[in-house]
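The values are calculated or read from the model by the stated rules, or taken from the named source; none is laboratory data. Please read these numbers as outputs of a predicted model, since none were measured by experiment. Quick reminder, even Gly has a Cβ in these numbers, built from the backbone with ideal geometry, and neighbours come from all protein chains shown. These area figures cover heavy atoms from the full protein model, side chains too; ligands, DNA and RNA do not enter into them. Shrake-Rupley method; radii C 1.70, N 1.55, O 1.52, S 1.80 Å.
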Amino acid sequence: MMLALMAMPFAMQAQTKFHDVEANEAKGPVKSMVVNVMGRAQTITFTKEGKMTREGMTDAVYDADGFLQSAKMSFQGQAISISYKWENGRIVSQTMDVMGNQMTTKRTYNEQGAPASESINMGGQEMSTPYTDYKYDDHGNWISRKTSMMGQEMEQTRTIEYYE
């Protein structure tokens, strides 16, 4: 028991240089996650220092504390610039510039630290997306949740692998 407690702070500090794990709504020594949304799987990998690699992402800019400030993403042939606003170690909003149009997504969190909802403002039109029915793994990270978008309910799942 004492040995496990002594090892725990090291495991928790394993990803303190970069906060990309937190940017992806997780915590702890995450090695990779496979996210499934609308039948499409995306794999995101993380170094032991917490820096993420994901398909289509380039030009990541970090602040002095290792929080992601902006990046460029390629999605279906489109170049998207994304900037992030952080508060208390969590992303509270992100702004995407897609072909000259800006979309801002604001996020609120539940008691477990997972997103409770996101609201997207697209040129003055706001759309809210609630997240419910969370299931968590033994590290306290969500692995399944339900959302409703434009009247259609769907489940988002992810598989997380840890450094251990």
Determine which residues of segment 69-107 fall in the zone a paramagnetic label at residue 55 would reach in this model, i.e. backbone nitrogen under 18 Å from the point 7 Å along Cα→Cβ. 72-80
Mean separation of Cα contacts under 8 Å (at least 6 apart) over the residue count of segment 23-86, i.e. the relative contact order in percent, is 18 percent
Starting from the Cα gyration tensor of segment 43-147, take the square roots of the eigenvalues, sort them a ≥ b ≥ c, and report rounded, prolate or oblate (rounded when a/c is under 1.5, otherwise prolate if a/b is larger than b/c, else oblate). oblate
In whole percent, the fraction of accessible protein surface over segment 26-164 that belongs to carbon or sulfur atoms, probe radius 1.4 Å, stands at 48 percent
Counting helices only, and only those DSSP H runs with n ≥ 4, report the 222 nm mean residue ellipticity of the chain as the sum of -39,500 (n - 2.57) divided by its residues, in deg cm²/dmol to the nearest 500. -2500 deg cm²/dmol
Can you give me the distance in nm between label points at residue 64 and residue 47, each placed 7 Å from the Cα along the Cα-to-Cβ direction? 2.1 nm
For the pair residue 74 and residue 112, the simple spin-label estimate (label points 7 Å beyond Cα toward Cβ) gives in nm 3.6 nm
Which of 116, 64, 41 ends up with the largest GNM mean-square fluctuation for the chain, with Cα atoms connected below 10 Å? 64
In Å², and per residue, what accessible area does segment 125-164 have when probed at 1.4 Å with the other protein chains present? 65 Å²
Taking a threshold of 22 Å on the Cα-Cα distance, which of the pairs 51/72; 85/135; 72/146; 31/135 fall above it? 85/135; 72/146
In nanometres, what is the gap between the two model label sites at residue 157 and residue 134, each 7 Å from Cα along Cα-to-Cβ? 1.9 nm
In whole Hz, with x marking every Gly and Pro, tabulate ³J(HN,Hα) for segment 103-116 from phi via Karplus 6.51 cos²θ - 1.76 cosθ + 1.60, θ = phi - 60°. 10, 10, 10, 10, 10, 10, 10, 8, 4, 7, x, 8, x, 8
Over segment 24-63, give the accessible area per residue in Å² for a 1.4 Å probe, as an integer. 56 Å²
